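Below: the structure, in structure tokens.
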Amino acid sequence: MSEVFLRTAPFYHWLDLQIGDITDDGLEIIMPWRPEIISIPEPQQVVHGGILASLIDLAGIYAVLSQGGQPSGTSHISNPD
């Protein structure tokens, strides 16, 4: 499986994601820790939900690809400009 989504999508590139182990049972997505992903700094650091949702979304893309499918968008956001 290619890491094409990780290198072409600016957001994933910014997160510096990497694909680790790929098995029949799962996929490992590696993300280095960085302070910008924190939404609640104290008393215990909490990762922003948008970051976690992005990891779930990416795992879904790779799940589709692993089965020979092609991922596609389910919504459209237009720029009014």
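The values are calculated or read from the model by the stated rules, or taken from the named source; none is laboratory data. Note that the structure is a prediction, hence the values are computed from the model and not measured. Glycine gets a Cβ as well: all are built from the backbone with ideal geometry, and neighbour counts include every protein chain shown. Protein only, heavy atoms only, side chains kept; ligands, DNA and RNA dropped before computing areas. Shrake-Rupley method; radii C 1.70, N 1.55, O 1.52, S 1.80 Å.
Quick one: accessible area per residue over the chain, 1.4 Å probe, rounded to a whole number of Å²?
Values: 6090 Å² over 81 residues.
Result: 75 Å² of accessible area for each residue.
What residues qualify as long-range amide H neighbours of A9, i.e. H under 5 Å apart, gap of 5 or more or another chain, H built at 1.01 Å from N?
Long-range HN contacts for A9: none found.
Return the sequence-ordered ³J(HN,Hα) values of segment 38-54 in whole Hz as given by the Karplus equation 6.51 cos²θ - 1.76 cosθ + 1.60 applied to θ = phi - 60°, using x for Gly and Pro.
7, 9, 10, x, 9, x, 10, 5, 10, 6, 4, x, x, 5, 4, 4, 5
How long are the semi-axes of the equivalent ellipsoid of the chain, taking √(5λ) for every eigenvalue λ of the Cα gyration tensor, in whole Å from largest down?
Details: eigenvalues 112, 74, 27 Å².
Rounded to whole Å, the semi-axes are 24, 19, 12.
Sorting check: for 40-46, 52-58, 70-76, 4-10, which peptide has the highest mean count of neighbouring beta carbons within 10 Å, and how do the rest follow?
Details: 40-46: 9.0, 52-58: 14.3, 70-76: 6.9, 4-10: 12.6.
Taking the mean over residues of other Cβ atoms within 10 Å, the ranking is 52-58, 4-10, 40-46, 70-76.
If the only charges are +1 at each Lys and Arg Cβ and -1 at each Asp and Glu Cβ, what is the size of the charge dipole of segment 1-61 around the Cα centre, to the nearest 20 debye?
Values: 2 positive and 9 negative charges, 52 e Å.
Computed about the Cα centre, the dipole is about 260 debye.
Please report the relative contact order for the chain, taking Cα pairs under 8 Å with a sequence separation of at least 6, and give it as a percent rounded to a whole number. Don't skip to the answer; put the middle values down first.
Numbers: 55 pairs, mean separation 13.9, N = 81.
Reported as a whole number, the value is 17 percent.
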